[in-house]
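Here, each number is a calculation from the coordinates, and none is a lab measurement. It should be emphasised that the depicted structure is a prediction, and the values quoted were computed from it without experimental measurement. Glycine also receives a Cβ, built like all others from the backbone with ideal geometry; neighbour counts cover every protein chain displayed.
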Amino acid sequence: MRFCMILMCFLLFPMNPATAAVDISLRGQDPVRLEDVYQQEGVPYIAIEDALDAVGLTGHWNPISHSFLIRSKYGWGEISPASGFLKIGGEFYPLKDKPRFIDGRLRVTDSFILNQLAQLSGRSIYFRNLDPDIDNAPAKQENGLEKLFAFLLNKKESKSELLLRSVAIDPGHGGLDTGIIAPSGYKEKQLNMEIANRLAKQLKMKLGIPIYLSRDGDYEVTMEQRFQSASKEDVDIWLLFHAQSAFSEEVSGVNLFIRPEDSASDVADGNEVEAGQSDSMMLANDLALSLRENSIKVRGIYPSSRLSLGRGDLPTVQIELGYLSNPEELQQLQNPDYQNQIIQALYTGIHRYAKKSKEKKNEIN
């Protein structure tokens, strides 16, 4: 039975993946190098057993339910190649990528490890994707998304005297892709759109610059379309808005993510490294400082190899606005006054970064 299911998965998901390697560990511990990794269009697929071992969790395949069970302090988590959800305690949590059988093993992506697996372990997870050998990568990967991302996210130099020429904003999810759904029915896509629209208005009014949104309504957009807003010649900053969920209702606060190459190796939970490490880190630092000055809890700035951040040197920060699984924070996030508090803090952080960036550029020139 299991052989038939594995064969069916190969037929349903034909691929010519490139081999790769990743480093995984609980944050603060020595990373574990995993080399039985497949990469397709820039997305690494890691055997779930290997990922569990690296973070101190256990699990097993259930041949009766055709699903993989993960033991955690919250109960048994359950995933399946036929489902786009993680099931635990009767609740269903949406996954960005479905698990897949590749080379006879059930595999998950970096998104699952950094989000769902971190929640199940109750601790932040360090994850680093080591690039595959380009010579061995399939032509589709080399000439497709990877090439597109590298092109789109290169910072364009300018002689403009403006603090910023324009800002690109990506409100995560949209349409049938709702993102996280709170117990009350409030959807992540709504929060992302509300914050993006209000911040865009503030930036237009106060700085008089164009703002490019990847979507301006409740509809789905492709990954390529999301990157189009950041590909404009005059874009100086790219911000991505999302929200999170945890199995514990007590978890709350804002998380900021940047590309691994934009961070230092000693980034720790809740601690930012010194500004100037990179433009993305400098932007993240200024956003975190402004949020805290406005009494908004910031959990930390973390390196992430998630595909949504792209590649290149365009200053980019993914802002996880809070946890929809925390009743108190959920109520706050739906409150227009609290949303305005976030908007004002983000605007201040962007303005602070822009001034520093301009001063840094003038010093060089």
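Computed quantities for the displayed model
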| item | result |
| --- | --- |
| LEU163-ASP97 FRET efficiency (beta carbon distance; Förster radius 41 Å; 0.05 resolution) | 0.60 |
| Cβ crowding within 10 Å averaged over residues, with 206-214, 334-342, 240-248, 101-109 ranked highest first | 240-248, 101-109, 206-214, 334-342 |
| Extension gain, ARG292 back to LYS358 (0.36 nm per residue minus Cα-Cα distance, nm) | 21.4 nm |
| Per-selection metrics, the stretch 286-365 (Cα): Rg and Dmax in Å | 15.0, 50 |
| Virtual spin-label span in nm between ASN340 and ALA82, 7 Å along Cα→Cβ | 5.1 |
| Within the stretch 301-329, backbone nitrogen closer than 18 Å to the virtual label 7 Å beyond the Cα of ASP177 toward Cβ | 305-311, 317-321 |
| Extension gain (nm, one decimal) between SER248 and ASP313, 0.36 nm per residue minus Cα-Cα | 19.8 nm |
| In nm, spacing of pseudo-spin labels at THR222 and GLU35 (7 Å Cα→C-beta vector) | 3.7 |
| Fully extended contour minus Cα-Cα distance, from ARG123 to GLN331, at 0.36 nm per residue | 72.4 nm |
| Per residue Cα convex hull volume in Å³ - calculated over the stretch 167-322 | 125 |
| Binned Cα-Cα distances of the stretch 31-136, short to long, each 10 Å bin given as a whole percent | 14, 52, 29, 5, 0 |
